[in-house]
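Single-structure report; data block below.
The values are calculated or read from the model by the stated rules, or taken from the named source; none is laboratory data. Here the structure is a predicted model, which is why all the values come from computation and not from measurement. In this analysis, Cβ positions are derived from the backbone assuming ideal geometry, glycine residues included, and neighbour counts consider all displayed protein chains.
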Amino acid sequence: MKIDRLIGILSILLQKEKITATELAEKFEVSRRTIIRDIEDICKAGIPVVTEPGRGGGISIMEDFKIDRTIFSSDEIQIILAGLHGLDSVAVSGRYRQIADKLLANYTKTDGQIMIDLSVWDKPGNREKIELIKTAMDSAEKIAFKYFTGNGETVREIEPYHLVFQWADWYVWGYCDTRKDYRLFKLSRISDLKCTERIQEKRNVPEYSYKKKFDWKEEVQAVVKFDADLKWRLADSFGADFIQTDEKGNILINIKWSDKQSFFQYVLSFGDKAEILTPVEYRRDFNEFLNNIIKKYG
């Protein structure tokens, strides 16, 4: 992402007397034009960068300008490194580890107490999707893909603005041409992803907010009883602090859900270890739901 690239460029400039835009472009696997824009951003941040054209020229930081390396404490560096290593866990190239190594060149290396792995179990294809989306965002290019939802398959074209790791999964957030609004799309539900070579529109992009993920209506509110030995699984979904038990040790959870169909499917995933207690009409509807399944098996 851009901020990581800016940190990497700055780190290189602090360690080398001079480097060309072409060398930086090759190192960070972007265009020379992108590097030039990055240098302009670094200058706007108040760091005096000098560019010398022609043979023997290059990019360097103004002589006698220094950033005190004590600006970051050891703990702060460990937090930065944890973030970079987390990004490296989903990167196809080793760019984030390279940035981390550059930071370590000026700091004493210690074992990190925090370890972050952002890869998603059994979804290796996300790495390629993340790289393609990052490339599209850097060049302000639209992407197109097939998207699978509970209502079927659709073809979408969006302007990607953010890659988001949230709810233990990866998403891309951007302006959807179909919905004429900003939407969040889960990477695991995306197929046939490609760059369109069509440039994004000029927009006043709002700040990303997790509340815009879904139009969550909470149509379903029910009390469900679970067997005591399911505590480990329910803790993953609802949090260990919110688990309450009855006098027999059974777990009682007041569940809020988006729609009745998916709620029934969730309860069914626990087999005979879960029982809807209230409301009574949900018990009747769930009974009908189960009977329809039984009919499929004769």
>> Could you list, ordered by first residue, the pairs with Cβ atoms under 7 Å in which the first is in the stretch 3-21 and assigned to a loop (DSSP other than H, G, I, E, B) and the second is among the hydrophobic types (A, V, I, L, M, F, W, C), at least 6 apart or interchain?
In response: 18/59; 20/59
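Condition test on residue 39, is it in a helix (DSSP H, G or I) and at pLDDT 75 or above?
Judged against the criteria, residue 39 is a match.
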>> Looking at the stretch 3-12, can you tell me whether even one residue there is more than 29 Å from residue 165 (Cβ to Cβ), touching a strand residue (DSSP E or B) at 6+ places or on another chain (Cβ under 8 Å) and either not hydroxyl-bearing (Ser, Thr, Tyr) or not assigned by TED's automatic domain parsing to the domain that holds residue 80 (or both)?
In response: no
> What's the number of the condition residue 170 fails, among (1) touching a His at 6+ places or on another chain (Cβ under 7 Å); (2) in a strand (DSSP E or B); (3) modelled with pLDDT under 90; (4) not β-branched (Val, Ile, Thr)?
Replying inline: (1)
>> Need pairs with beta-carbon distance below 9 Å; first residue touching a residue at least 60 places away in the same chain (Cβ under 8 Å) and within the stretch 272-298, second surrounded by 12 or more Cβ atoms within 10 Å (Cβ to Cβ); sequence gap 6+ or separate chains.
In response: 282/220; 282/222; 282/260; 282/263; 282/264; 282/276
> If you check 276, 253, which single one turns out to be closer than 24 Å to residue 239 by Cβ, at pLDDT 95 or above and either more than 29 Å from the chain's Cα centre (by Cα) or assigned to a helix (DSSP H, G or I) (or both)?
Replying inline: 276
> With 142, 123 as the choices, which residue is modelled with pLDDT under 85 and not in a helix (DSSP H, G or I)?
Replying inline: 123
>> Looking only at residues that are farther than 23 Å from residue 138 by Cβ and more than 23 Å from the chain's Cα centre (by Cα) in the stretch 196-224, which one is modelled with the lowest pLDDT?
In response: 217
